[in-house]
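Have a look at the structure below before the remarks.
The values are calculated or read from the model by the stated rules, or taken from the named source; none is laboratory data. A quick note: this is a predicted structure, and the numbers were derived from the prediction, not measured. Note: ideal-geometry Cβ built from the backbone for every residue, glycine included; neighbour counts use all protein chains shown. Surface areas here come from the heavy atoms of the whole protein model, side chains and all, with no ligands, DNA or RNA. Shrake-Rupley method; radii C 1.70, N 1.55, O 1.52, S 1.80 Å.
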Amino acid sequence: MTSPLPAQGASLRTLISKVPEVTAFFWIIKVLATTVGETAADYLNTTLKLGLSGTTLVMGLLLIGVLIAQFRLKRYVPGVYWVAIVLISVVGTLITDNLTDNFGISLWTSSAIFAAALAATFTAWYRREGTLSIHSIFTARREAFYWLAVLFTFALGTATGDLVAEKLQLGYGVSALMFAGIIGLAAGAHLIFKMNGILTFWTVYILTRPLGASIGDLLSQAKADGGLGLGTTVTSAVFLVAILGVVGYLAVSRRDQVALSAGKVAG
C-alpha cells in the first residue's frame, strides 16, 4: 500500500511515529494489557462494587484524559501510550458488557456490530489516507483513526471471546488455545506465504484481545466456573506489574522507538 506524502517542506527523516515499533515487546505488552482489561473491568465492577455504569464513567473519563495527553505529544512516549492501551482495553470490555448486561444485546449481535464498525473505520481511514499502516501515524487525523480502530478491536475481541468461551461453551482454556492457534496461523501465512503485512498485523491485533480475555478469565474465574480461582485482584496486580516492568525497560532502552523513513511511511 502507498500513502500520501507529508505536507510540503516536511522531511521524512524527521517524522517521528506516535506509536511503537512492532517488536516482540509490543505483542507481549498487548496480551498483558488485554488480560488486564478483562480482569480490571471485573474487579472494578464486582469487587469494588462500582457497577457497570459507575465503572464505565470513571474509566471513560480517565481514558479521555490520557488520550488528550497522547495527542498533545510530538512523539511516542511508552508510559503514556501503554496507559492509553490498558485503559482502552478496560473501556472496550465495559462497552461490550454494558450492551450485554444493561441493554440485553446478544454477543452474536454485538460481535456483528463491532465488526461492522471496525470495517467502516478501516474503510474511511484507507479512503482518506491511502494506508492502514501503523508506521504512518504521524498526523493527528491518522492517530484519531488509529485509536478508533483500536477501541473497536478491543470491543470486538471482548464480544467474540465471551461468545466462544461462554455461549459456545468451549471454556477459557480451550478458547485461549484456539485463538493462539489462529494467531500462529496468521503469523505463518505472513512469514511463509508472504501475506500482506498490514493485514497480518490487524488480524493478529484483533485476535490478541480474545486471547488475553480468555487468559484473564482462565486465571481469575472460580474453579466452579472453569477458571483457576486466582481472582481478579491477584490476576490484575500480577499483569499490571509485568506491564510496568516491560514498559519501564522500553522507556530506558528505547528499543521500540523509531524515526520514520520513506519506506516506513509508505507502509
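Condition check ((1) out of contact with any helix residue (DSSP H, G or I) (no Cβ under 9 Å at 6 or more places or on another chain); (2) touching a residue at least 12 places away in the same chain (Cβ under 8 Å)) across all residues:
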| site | (1), (2) |
| --- | --- |
| K49 | yes, no |
| S53 | no, yes |
| G60 | no, yes |
| Q70 | no, yes |
| P78 | no, yes |
| I105 | no, no |
| L118 | no, yes |
Among the numbered conditions (1) assigned to a loop (DSSP other than H, G, I, E, B); (2) within 14 Å of the chain's Cα centre (by Cα), tell me where I105 comes up short. (2)
Filtered residue count, the range 48-107, keeping only those that are closer than 25 Å to S214 by Cβ and of a type in the set (F, W, Y): 3
How many residues of the range 34-60 are at pLDDT 90 or above and open to solvent by less than 40 Å² (accessible area, probe 1.4 Å)? The answer is 2
Say we look at the range 61-97 and pick out the residues that are modelled with pLDDT under 90 and either among the acidic types (D, E) or more than 17 Å from the chain's Cα centre (by Cα) (or both); which of these is nearest to L240 (Cα to Cα)? D97
Residue check for F201: without any contact (Cβ under 8 Å) to a residue 60 or more places away in the chain and either under 23 Å from S89 (Cα atoms) or surrounded by fewer than 21 Cβ atoms within 10 Å (Cβ to Cβ) (or both): no
Considering each residue of the range 149-177, count those that are open to solvent by less than 10 Å² (accessible area, probe 1.4 Å) and of a type in the set (S, T, Y), and give that number. 3
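Residues are listed down the side, and each one gets a yes or a no for (1) farther than 19 Å from R209 by Cα; (2) out of contact with any Leu (no Cβ under 9 Å at 6 or more places or on another chain); (3) modelled with pLDDT of 95 or more:
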residue: T121; (1), (2), (3): no, no, yes
residue: R127; (1), (2), (3): yes, yes, yes
residue: F145; (1), (2), (3): no, no, yes
residue: A149; (1), (2), (3): no, no, yes
residue: L156; (1), (2), (3): no, no, no
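Residue by residue, here is whether (1) of a type outside the set (F, W, Y); (2) open to solvent by 40 Å² or more (accessible area, probe 1.4 Å); (3) assigned to a helix (DSSP H, G or I); (4) touching a strand residue (DSSP E or B) at 6+ places or on another chain (Cβ under 9 Å) holds:
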{"residue": "S89", "(1), (2), (3), (4)": "yes, no, yes, no"}
{"residue": "I95", "(1), (2), (3), (4)": "yes, yes, yes, no"}
{"residue": "S110", "(1), (2), (3), (4)": "yes, no, yes, no"}
{"residue": "A115", "(1), (2), (3), (4)": "yes, yes, yes, no"}
{"residue": "F122", "(1), (2), (3), (4)": "no, no, yes, no"}
{"residue": "R128", "(1), (2), (3), (4)": "yes, yes, yes, no"}
{"residue": "T131", "(1), (2), (3), (4)": "yes, no, no, no"}
{"residue": "W147", "(1), (2), (3), (4)": "no, no, yes, no"}
Considering the range 223-236, residues that are touching a helix residue (DSSP H, G or I) at 6+ places or on another chain (Cβ under 9 Å) and open to solvent by 50 Å² or more (accessible area, probe 1.4 Å), and then whichever is modelled with the lowest pLDDT, we arrive at D225
Every residue from the range 173-193 that is aromatic (F, W, Y) and more than 10 Å from V204 (Cα to Cα): F193
